[in-house]
Amino acid sequence: MDNDIEEILFDQASIHEAAHRLGQQITKEYTDSRPIVLSVLKGAYLWTADLLREVELQVELEFIKISSYHGGVESTNEISLVTDIHSNVKNRDVIILEDIVDTGQSLQFMKELLQERGANSIKVATLLDKKEGRKVDIKADYVGFDVRNEFVVGYGLDYKELYRNLPYVGILKPQIYEQ
Ligand SMILES: O=P(O)(O)OC[C@H]1O[C@H](OP(=O)(O)OP(=O)(O)O)[C@H](O)[C@@H]1O
Ligand code: HPA
Ligand SMILES: [Mg+2]
């Protein structure tokens with residue numbers, strides 16, 4: 001698996017530092033609110049586990065599953081809601097947890113859904129922000145790291161459903177998806 005990686009960008013220790021930094025920020029900003037933390041599957045599964053353990057607050061955890069890449073390296077530009085949440089977000093403060101914001105279309109879809117359902121506030125905590133990939137004008141509120149415009153895998157992020165279990169984020173060798 002490691003042989004398919006061109007360059008390691010963020011190792012476990014630096015991801016842990018980012019989780020701690022963002023966790024402290026979120027802890028300070030949501031003292032009286034008991035937010036709903038909405039983890040976006042599958043990519044955010046590890047980030048959710050690490051970030052939430054750095055948040056010293058009462059939170060409710062929910063999972064939603066959406067998909068647009070279907071394992072490939074480019075967005076299909078069509079987001080499908082695979083598994084919805086059942087809890088009521090009306091008048092609640094929601095923090096969306098994402099592994100990566102790239103074109104921004106998944107996040108836009110999530111935000112619109114939560115707005116329609118009457119959330120009081122919606123913020124986003126993402127491990128990675130690929131600003132050069134944006135197709136829609138949207139910003140994350142809490143960012144672990146900026147990444148350049150290359151296809152990355154590991155620590156939750158996949159190519160064809162593989163590499164999610166790498167303990168680091170790295171650039172996938174282009175020959176893997178160009179062959
Ligand atoms: O900003 P965007 O261009 O919309 O890309 C970001 C989204 O794409 C990936 O999900 P994917 O559709 O691959 O599903 P997965 O999390 O199950 O891998 C990633 O986990 C984000 O949710
Ligand atoms: O660079 C990426 N890697 C994996 N999944 C993704 N989804 C959006 N961008 C990426
Ligand atoms: Mg994916």
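The values are calculated or read from the model by the stated rules, or taken from the named source; none is laboratory data. The structure presented is a predicted model; accordingly, all values stated were derived computationally and were not measured. Quick reminder, even Gly has a Cβ in these numbers, built from the backbone with ideal geometry, and neighbours come from all protein chains shown.
The table that follows gives values for the structure above.
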quantity	calculated
Which listed residue is among the charged types (D, E, K, R) and at pLDDT 95 or above, from Glu178, Glu112	Glu112
Subset of the stretch 65-96 (residues that are of a type in the set (A, V, I, L, M, F, W, C) and more than 10 Å from ligand 1 (Cβ to nearest atom))	Leu81, Ile85, Val89, Val94, Ile95
When residues of the stretch 1-11 are limited to those that are loosely packed, with under 14 Cβ neighbours inside 10 Å and part of a helix (DSSP H, G or I), the one modelled with the highest pLDDT	Asn3
Qualifying residue in the stretch 13-34 (condition: of a type outside the set (Phe, Trp, Tyr) and assigned to a strand (DSSP E or B))	no
Matching residues, the stretch 70-95, being under 30 Å from Thr31 (Cβ atoms) and not β-branched (Val, Ile, Thr)	Asp84, His86, Ser87, Asn88, Lys90, Asn91, Arg92, Asp93
Residue list for the stretch 65-90, filter: of a type in the set (A, V, I, L, M, F, W, C), more than 16 Å from ligand 2 (Cβ to nearest atom) and either without any contact (Cβ under 8 Å) to a residue 40 or more places away in the chain or assigned to a strand (DSSP E or B) (or both)	Leu81
Residue in the stretch 125-175 that is nearest to Ser106 (Cα to Cα), counting only those that are aromatic (Phe, Trp, Tyr) and more than 16 Å from ligand 3 (Cβ to nearest atom)	Tyr142
Subset of the stretch 56-76 [under 25 Å from Ala19 (Cα atoms) and more than 16 Å from the chain's Cα centre (by Cα)]	Glu56, Leu57, Gln58, Val59, Glu60
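Each row is one residue, and each column tells you yes or no for (1) surrounded by fewer than 16 Cβ atoms within 10 Å (Cβ to Cβ); (2) away from ligand 3 (no atom under 16 Å from the Cβ).
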residue: Ala18; (1), (2): no, yes
residue: Arg21; (1), (2): yes, yes
residue: Ile36; (1), (2): no, yes
residue: Trp47; (1), (2): no, no
residue: Leu61; (1), (2): yes, yes
residue: His70; (1), (2): yes, no
